[in-house]
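Before any comments, here is the structure.
Values quoted throughout were computed directly from the atomic coordinates according to the rules given, and no laboratory measurement underlies them. It should be emphasised that the depicted structure is a prediction, and the values quoted were computed from it without experimental measurement. Every residue, glycine as well, gets a Cβ built from its backbone with ideal geometry; the counts of neighbours run over all protein chains shown.
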Amino acid sequence: MTSATRQHPLVELSGVQKWFGDLHVLADVDLAIDAGEVVVVIGPSGSGKSTLCRAINRLEPIQQGEIRVDGELLPEEGKALARLRADVGMVFQNFNLFAHKTVLQNVTLGPVKVRHRSKGEADKRARELLDRVGVGNQADKYPAQLSGGQQQRVAIARALAMDPKVMLFDEPTSALDPEMINEVLDVMTSLARDGMTMVVITHEMGFARRAANRVVFMDGGRIVESADPETFFTRPTSDRAKDFLSKILTH
Amino acid sequence: MSPVLDNLDLYVDGFLTSLRIIVYSLIGCLLLGLIIAACRVSPVPPLRAFGTFWVTTFRNTPLTVVLVFCAFGLPELGINRSFFFFGVLGLILYTSAFVAEAIRAGINSVPAGQAEAARSLGLGFSLTLRDVVLPQALRTVVPPLGSVLIAMFKNSAVVGAFGVGGDLWSTGQILTSARGYETLPVFIGVAIGYLLITLPAGALLQVIERKVAIAR
Ligand SMILES: Nc1ncnc2c1ncn2[C@@H]1O[C@H](COP(=O)(O)OP(=O)(O)OP(=O)(O)O)[C@@H](O)[C@H]1O
Ligand SMILES: [Mg+2]
């Protein structure tokens, strides 16, 4: 299905509620993300950003409400959920590369085991993707031999190899040394330009201004504000967003 | 050492019977232990509960009690097999709990984020376990698993004492009680028989340990 013929948002959360024990981590969350849209999620620590992101591929199950990906309700744990997860790429703060596999094997595992591509075909595509994110010459190394920035770019290539409909990024640059942040953000910016649908949790406001169509501000498990980056950064409406921005923009 | 040399054929038979007990039990407890470990980490709560029940039961019951249950309890339930079968079964049930715990500890040593990454690529539970978690768990699993298995090799003597005639331990018993040989030389022979199994096994384990440690 192409975005032109799609009648529904690519990702849709409605009335989502989640509790960890007594803690209400997602409260009345409604969010619709169209194909090709780049949504940056920001908010203070513990506001539920990661939980929101992880709920979209059901790494965290929710207790109430609905989440749909490309119109399909998230299935219960099982084969159907695995199939849906294959269409939702995820990039983690700590990269989570498979330590016992080479860079190339990290990228081909999903296509071979889940998409049932031939090894030759998967290798070829993986090398293209590794070239694209700028680590083509590291293909035969193990993750531990790479810098953090390189590892994260491999993780992005690994997710892209599944041809996902949407990519989720949970603070992809927070574990990186400052000099490596930009190499990862550049890859993400170019993905955004190429029309990838993205949900990005980040504190990198430069990236949000440059690449986002929309900024979603969370606090206490709620979406407090949702606006285009220009509006959000120059004229935030809620006090909590103003307060948050004043704290992070002053350094 | 004449009791040993005089009865070398008995010793060889005993050695081979012990070896059979050990080989069957080894295969059985590894397979069963892997299944129980998979239950223990499964996302399905009833399977997890079953795994926990299994491990708690067999790890906390003396081997002799498990053997009595198999050899004398199961026939009362209408299951009739040889003592050899029941003996091996008991040893497998008992050891599987320890194998499962060693494997589970190895699984837990693999960072949870890698399993999450695998699942978010669309790999199901068994593929995640097989392609991502277990190969890395193996590194941590081999040393404790080795101790569990060598303990099992030695426990095969308990199975022998339980009436599986003809194993190394029973050979020693017969030679001392029925034929009046002195205990010391006879059981030195028995001990040598077990060492012939456990020492090479220990060496083999070290080789495997070194192999998996190098493989990333
Ligand atoms: N597995 C869990 N069990 C219990 N509480 C949890 C769990 N995961 C997260 N929480 C709690 O839920 C709240 C929201 O967590 P979440 O990780 O979604 O926040 P976040 O916005 O991503 O924060 P950060 O910026 O620190 O990453 C926090 O208070 C956190 O302590
Ligand atoms: Mg977080």
Inset, instruction - May I ask for the angle, rounded to the nearest 10°, between helix B:8-41 and the longest principal axis of chain B, with both axes built from Cα atoms and the value confined to 0 to 90°? - result: 20
Legend entry - Selection from B:11, B:109, B:168 lying farthest towards where the dipole of chain B points positive, charges on Cβ: B:109
Inset, instruction - Determine the dipole magnitude for the stretch B:1-97: charges of +1 sit on the beta-carbon of Lys and Arg, -1 on that of Asp and Glu, nothing else is charged, the reference point is the Cα centre, and the result goes in debye to the nearest 20. - result: 560
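Taking every DSSP beta bridge with both residues inside chain A, roughly what % is antiparallel (nearest 5)? Could the numbers behind the result be given before it?
Working: 19 of 36 bridges.
Of all bridge pairs located within chain A, approximately 55 percent are antiparallel.
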Legend entry - Highest-fluctuation residue, A:64, A:17, A:105 considered, GNM on chain A with Cα pairs under 10 Å: A:64
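Over chain B, what is the relative contact order in percent, taking alpha-carbon pairs closer than 8 angstrom and at least six residues apart? Mind dumping the intermediate values first?
Values: 238 pairs, mean separation 61.4, N = 216.
So the answer I get is 28 percent.
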Inset, instruction - Write down the radius of gyration of the stretch A:183-251 and its Dmax, each obtained from C-alpha positions, in Å. - result: 12.4, 35
Inset, instruction - State the answer as a single residue: which of A:231, A:156, A:211 lies farthest towards the positive end of the charge dipole of the protein assembly as shown, with beta carbon charges of +1 for Lys and Arg and -1 for Asp and Glu, about the Cα centre. - result: A:156
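What's the FRET efficiency of residue A:194 with residue B:52 using the Cβ-Cβ distance as r and R₀ = 41 Å, to the nearest 0.05? Walk me through the numbers before you get to the answer.
Working: r = 48 Å, r/R0 = 1.18.
That gives a FRET efficiency of 0.25.
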Legend entry - Relative contact order of the stretch A:1-134, pairs being alpha-carbon contacts under 8 Å that are 6 or more residues apart, as %: 20
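Report the calculated FRET efficiency for residue A:174 and residue B:8 (r = Cβ-Cβ distance, R0 = 60 Å), to the nearest 0.05. List each step's numbers first, then the result.
On the way: r = 71 Å, r/R0 = 1.18.
E between residue A:174 and residue B:8, to the nearest 0.05, is 0.25.
Report the charge-dipole magnitude of chain A in Debye, nearest 20, computed about the Cα centre from +1 at each Lys and Arg Cβ and -1 at each Asp and Glu Cβ.
Values: 31 positive and 33 negative charges, 151 e Å.
About 720 debye.
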Inset, instruction - Would you mind calculating the relative contact order of chain A from Cα pairs under 8 angstrom and at least 6 residues apart, reporting the percent as a whole number? - result: 26
Inset, instruction - Give A:18/A:247; A:49/A:247; A:165/A:242; A:113/B:211 a once-over and call out the pairs whose C-alpha atoms are over 23 Å from each other. - result: A:18/A:247; A:165/A:242; A:113/B:211
Legend entry - Shape of the stretch A:92-251, Cα gyration tensor, a/c cut at 1.5: prolate
Inset, instruction - Taking only Cα atoms and a 10 Å spring cutoff, compute GNM fluctuations for chain A and point out the largest among A:68, A:54, A:235. - result: A:235
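By the gyration tensor of its Cα atoms, with a ≥ b ≥ c the square roots of the eigenvalues, what is the shape of the protein assembly as shown: rounded for a/c under 1.5, prolate for a/b over b/c, or oblate?
Cα axes put the protein assembly as shown in the prolate bin.
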Inset, instruction - Could you tell me which of B:159, A:108, B:189 has its Cα farthest along the dipole of the protein assembly as shown towards the positive end, charges placed at Cβ (Lys, Arg +1; Asp, Glu -1), taken about the Cα centre? - result: B:189
Inset, instruction - Please find, in a Gaussian network model of chain B (springs between Cα atoms separated by less than 10 Å), the residue of B:168, B:77, B:205 whose mean-square fluctuation is greatest. - result: B:77
Inset, instruction - Decide, for chain B, between rounded, prolate and oblate: order the square roots of the alpha carbon gyration tensor eigenvalues as a ≥ b ≥ c, take rounded if a/c falls under 1.5, and otherwise choose prolate if a/b is larger than b/c, else oblate. - result: oblate
Inset, instruction - In debye, nearest 20, what is the charge dipole magnitude of the stretch B:17-166 about its Cα centre with +1 on Lys and Arg Cβ and -1 on Asp and Glu Cβ, if you could check? - result: 100
